[in-house]
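First the structure, in the form of structure tokens, and then the observations on it.
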Amino acid sequence: MMVLMSKLWNTQFLSFYDGDIPCGFIYFAVNRKMIFIMFLAVDESLRTKGYGSAILKEIKNRYPDKKIMVSIEPCDDSAPDIEVRKRRKAFYRKNGYSETGYMIKLSGVVQEIMITNGDFDKKEFLLFFIFYSNGTVWPKIWLK
């Protein structure tokens, strides 16, 4: 999905530095009403130092009127990496993201949708993907 969307004109890839030290990056798609974060990464040695939160804050500051959504792996207790998934969800919650109650299946992967800066609208979110993929991506979206 990231490769497909990277070819589109309204995707952003931003890297973040602390002085000369590369800290992390974010990759997202944006339209008039919303942003969908496709990937957020912070250097493993710099995690828990506030860099991820600073990146999310910067995106919110750049786009104060847009809904911002992210999809994360669900916190299924049978998942082998359940602790990582719980930490990721807690990270987004700490940064103002809420559960939407919806799941999405993209490229065969099921994820939970979280949002900040507005209310989730299933139709709007689906149209976002259809538009940006020129109709090649029709994700399945459902209530948990």
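Odds and ends about this structure:
- Within the chain: Cβ-based charge dipole about Cα centre, in debye rounded to nearest 20 (Lys, Arg +1; Asp, Glu -1): 400 debye
- Peptide packing: for 74-85, 52-63, the average count of neighbouring Cβ atoms within 10 Å per residue gives the ranking 52-63, 74-85, highest mean first.
- Annotation: per residue accessible area for the chain equals 59 Å², rounded to a whole number [probe 1.4 Å, protein chains only].
- Under 15 Å, Cβ to Cβ, from Glu58 - net charge with Lys/Arg +1 and Asp/Glu -1: +3
- Carbon and sulfur %, accessible surface of the chain computed with the full protein complex present, 1.4 Å: 53 percent
- Taken over the chain, the alpha-carbon convex hull comes to 120 cubic angstrom per residue.
The values are calculated or read from the model by the stated rules, or taken from the named source; none is laboratory data. Just so it is clear, the model here is predicted, and its values are computed rather than measured. Glycine also receives a Cβ, built like all others from the backbone with ideal geometry; neighbour counts cover every protein chain displayed. Areas reflect the complete protein model, heavy atoms only, side chains present, ligands, DNA and RNA absent. Shrake-Rupley method; radii C 1.70, N 1.55, O 1.52, S 1.80 Å.
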